[in-house]
Amino acid sequence: MYNKVSQRINDIVGDNVKKLAEAFPSAVKDGEVDFEALKEELGQHTEVGSEKYELTWAGKKNAKKLAQEDIVGRTLKYIPEDSKNADTTENLYIEGDNLEVLKLLRQNYYGAIKMIYIDPPYNTGKDYIYNDNYTISVKDAQLLDNIKSADGERYTVNQKNSSRFHAKWLSMMYTRLFIAKQLLTEDGIILISIDDKESSNLRLICNEVFYEENFIGELIWESTTQPINSGIAKFNLQKKTEPILMYAKNKANIKGFCLKQQDSGLNYPHMGKFGRCRFEIIEKSDSGDYSRPTMKFPILGQYPRDGKRWQIGQETAKILEENGKVEVVDGVVKKAIYPEDEIDKVRYIPFWSLLLASNVGTAQNGKDTLNTLMGESVGFDTVKSVQLIKELLSYLGDNYITMDFFSGSSTTAQAVIELNAEDNGNRKYILVQYPELSGREADLTQVLKKIGKPTNICELGKERIRRAGDKIKSEHPDADIDIGFKVFRTADTNIKWNSLIDLGQIDIKQMEISPDTIDFMPGAKDIDIVYELMLRQNDVPLSSKIEQIFVGGGYSRTYLYADSYLVCLETKITDELIDKLAKIDPLPIKFIFRDSAFQDDIALKDETFRRLKALIEKNNGMKKMTYAVEFL
């Protein structure tokens, strides 16, 4: 009868079956997929053959299975002492295995991230990648908290001499990209920095996860301008650039990119140096071998004159027509002048795939920026340029959430803050980083010891954000920018999901003596329990406010989350408390109670459920709310 808070965070397979049933009702019967019926729906009435074009590797099936599995017994623990401006910030920094984190965030941020940028391990034979070994025991896992192991640890070097060198990397990337796609908005994009060793494989993985038709292109970053002048390497082919793959969740939803004003120097419509488009005839000579019949369509009912053709394509012409930016003067089609602030309505500023070092900096610039900010060298040879990330961030406007789940030294956070300060934007970030032990970076270890921080890369990332935020704020004192961040860390669950009451192992007297031992793990804090419950709600950012709504009066453990979700952790529910909850204005959209808090008063529990559910439905215009009241 009563709705229980589900232990599950994700039901990826179930969600996919529901989507399939919507598209092909005859292919889903009693919740099960009829694959033969599905093939017939897709016009595949006979088996053509077992061979097909696809990327495969040892462990691919396991990677797919792992990507679809729920995350059980884990949560995100709030770390207030590491956070900055926690009451007002909308930024998050999360420490932990990024696959765990992506799964934990899936409910809250499903379809909410507009841009994901990642710079994953390049798989050079010395990069650390995730082992994704979730089958070890709790005891072993506890041992691994402090011991580096070649077999069991989650973060390990992928040795080149391994027979599964490429396979391990592919499995690691596939699982994370699978979840990442689900977090993207329908007009969202993902950008992935990579090098030549795995770029071809990464492209094939992305084609499978995001689909080939959603490939936007490959950006080429001039990552270095310094040649190698030592050893035999100086006689070999030297790389000057790095690719950045660019995919959309749904390319059809991306009408264009918000590019900065620039003078392209081309002779077809573009921005002039005064921020206005030139008033010019949009025809050009069409003679000899350069004749192009496809450029002779009508614009405003006018065809090009004899011997002429348009110098813009039909798609661009349609946009200009729709926005009233072309006109006919003396029988000749011309392009009209329009204000700079309307540039986002038209797409004819060149979107160059080449990102020059002179515009966006190099890896050396990124390294220098980090070292300067920290006061001395931190020992990293390759650091992404802040200017590069700012350029990528500028493509999608100025008000959205971006995510980086291989955040490293937190370049993305600094780029977000700087760009917001420059254009008064409201971009938010979510950074995820595994707390990798940093013994292999001697310089970093020394820097962190000097500032009194543990020697792992997360401490560097958080300290960089603090310093960068303060520096940028001092340089832009009038800018309204968010330089704070809330810190979370992956941890074991706070909640005893398998109730001991259901197992008949606790009686009422025990409940009165130590009620919290029934529902919660030893040492669990209320705020962490609230966050864990919120991970099971839809579209509720972890940056949302938590407030204690009753101060005094004996009800100190009732919390309101995001002004909409009430979590009551009181050990005993009374009629008085229910009366107070019913009078909250505005009324929350959901109430969550502890089952044990009602003890043996079934009548009170029933009355609470019916009363609050009716109030919520009334408050929502009589719309039936199936999960308005839940019990833990």
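Worth a mention:
- Here is the figure for segment 526-564: residues that are more than 27 Å from A603 (Cβ to Cβ), more than 27 Å from the chain's Cα centre (by Cα) and assigned to a strand (DSSP E or B) total 1.
- Of residues in segment 179-211 being small (G, A, S) and within 18 Å of the chain's Cα centre (by Cα), the one surrounded by the most Cβ atoms within 10 Å (Cβ to Cβ): G188
- Q364 fulfils the conditions (1) at pLDDT 90 or above; (2) open to solvent by less than 20 Å² (accessible area, probe 1.4 Å); (3) over 24 Å from the mean Cα position of the chain (by Cα) except for a single criterion, (2).
- Only a single criterion out of (1) among the β-branched types (V, I, T); (2) open to solvent by 70 Å² or more (accessible area, probe 1.4 Å); (3) modelled with pLDDT of 95 or more is not satisfied by T369, namely (2).
- Close Cβ contacts (under 6 Å, 6 or more residues apart or on different chains) running from residues in segment 373-388 that are part of a loop (DSSP other than H, G, I, E, B) to residues that are polar (S, T, N, Q) and open to solvent by 60 Å² or more (accessible area, probe 1.4 Å) comprise S385/N365.
- Checking each residue in segment 565-598 for being part of a loop (DSSP other than H, G, I, E, B) and under 20 Å from D526 (Cβ atoms) picks out L569, E570, T571, K572, I573, T574, I584, P588, R594.
- Residues that are crowded, with 17+ Cβ neighbours inside 10 Å, more than 20 Å from G217 (Cα to Cα) and either in contact with a Gly (Cβ under 6 Å, 6 or more places away or on another chain) or modelled with pLDDT of 50 or more (or both) occur at least once in segment 268-283.
- Unmet criterion (only one of (1) at pLDDT 90 or above; (2) surrounded by fewer than 21 Cβ atoms within 10 Å (Cβ to Cβ); (3) more than 22 Å from L177 (Cα to Cα)) for T382: (1)
- Taking (1) of a type in the set (A, V, I, L, M, F, W, C); (2) touching a His at 6+ places or on another chain (Cβ under 7 Å); (3) modelled with pLDDT of 95 or more in turn, V416 satisfies each apart from (2).
- Filter pass, F235 being within 26 Å of the chain's Cα centre (by Cα), of a type outside the set (D, E, K, R) and modelled with pLDDT of 70 or more: no
- Options I401, I389: the member that is under 26 Å from K428 (Cβ atoms), at pLDDT 95 or above and open to solvent by 10 Å² or more (accessible area, probe 1.4 Å): I401
Table: residues versus (1) acidic (D, E); (2) open to solvent by 70 Å² or more (accessible area, probe 1.4 Å); (3) over 23 Å from S514 (Cα atoms).
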residue	(1), (2), (3)
V567	no, no, no
D579	yes, no, yes
F591	no, no, yes
L615	no, no, yes
V629	no, no, yes
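- Residue ID - nearest to N85 (Cα to Cα), chosen from residues in segment 523-545 that are open to solvent by 40 Å² or more (accessible area, probe 1.4 Å) and in contact with an Asp or Glu (Cβ under 9 Å, 6 or more places away or on another chain): K545
- In the set (1) open to solvent by less than 100 Å² (accessible area, probe 1.4 Å); (2) at pLDDT 75 or above; (3) part of a helix (DSSP H, G or I), N62 fails one condition alone, (1).
- On inspection, T608 passes the criterion of being open to solvent by less than 20 Å² (accessible area, probe 1.4 Å) and either of a type in the set (V, I, T) or under 38 Å from the mean Cα position of the chain (by Cα) (or both).
- Filtering segment 188-216 to residues that are modelled with pLDDT under 95, closer than 22 Å to T412 by Cα and not aliphatic (A, V, I, L, M) leaves D195, S199.
- Within segment 350-373, being under 30 Å from K450 (Cα atoms) and in contact with a Ser or Thr (Cβ under 9 Å, 6 or more places away or on another chain) holds for G361, T362, A363, Q364, N365, G366, K367, T369, L370, N371.
- Selection of segment 359-372 for residues being part of a helix (DSSP H, G or I) and in contact (Cβ under 8 Å) with a residue 12 or more places away in the chain yields N359, V360, A363, Q364, N365, G366, K367, T369, L370.
Yes/no matrix, rows are residues, columns are (1) within 30 Å of R594 (Cα to Cα); (2) modelled with pLDDT under 90; (3) loosely packed, with under 14 Cβ neighbours inside 10 Å:
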residue: N420; (1), (2), (3): no, no, no
residue: I465; (1), (2), (3): no, no, no
residue: I472; (1), (2), (3): no, no, no
residue: I483; (1), (2), (3): no, no, no
residue: R489; (1), (2), (3): yes, no, no
residue: I506; (1), (2), (3): yes, yes, no
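- Residue pairs whose Cβ atoms lie under 6 Å apart, sitting 6 or more positions apart in sequence or on different chains, and linking a residue in segment 246-263 that is over 11 Å from Y395 (Cβ atoms) to a partner that is open to solvent by 70 Å² or more (accessible area, probe 1.4 Å) and modelled with pLDDT under 75, are D263/K273.
- Condition check for L105 on (1) open to solvent by less than 30 Å² (accessible area, probe 1.4 Å); (2) at pLDDT below 85: one failure, at (2).
- Residues satisfying the stated conditions in segment 463-482, i.e. of a type in the set (G, A, S) and within 24 Å of the chain's Cα centre (by Cα): A468, G469
- Remark: pairs (first residue in segment 590-618, β-branched (V, I, T); second residue open to solvent by 40 Å² or more (accessible area, probe 1.4 Å) and assigned to a strand (DSSP E or B); Cβ separation under 9 Å; 6+ apart in sequence or on different chains) are absent.
- Of the residues making up segment 52-62, just one is among the hydrophobic types (A, V, I, L, M, F, W, C) and in contact with an Asp or Glu (Cβ under 8 Å, 6 or more places away or on another chain), namely L55.
- Count - residues of segment 295-318 that are in a helix (DSSP H, G or I) and open to solvent by less than 30 Å² (accessible area, probe 1.4 Å): 2
- For the criterion of being under 30 Å from E321 (Cα atoms), modelled with pLDDT under 90 and aliphatic (A, V, I, L, M), V346 passes.
The values are calculated or read from the model by the stated rules, or taken from the named source; none is laboratory data. On a predicted model such as this, the values are computed, not experimentally measured, just so you know. Glycine gets a Cβ as well: all are built from the backbone with ideal geometry, and neighbour counts include every protein chain shown. To get the accessible areas, we keep the full protein, side chains included, count just its heavy atoms, and leave off ligands, DNA and RNA. Shrake-Rupley method; radii C 1.70, N 1.55, O 1.52, S 1.80 Å.
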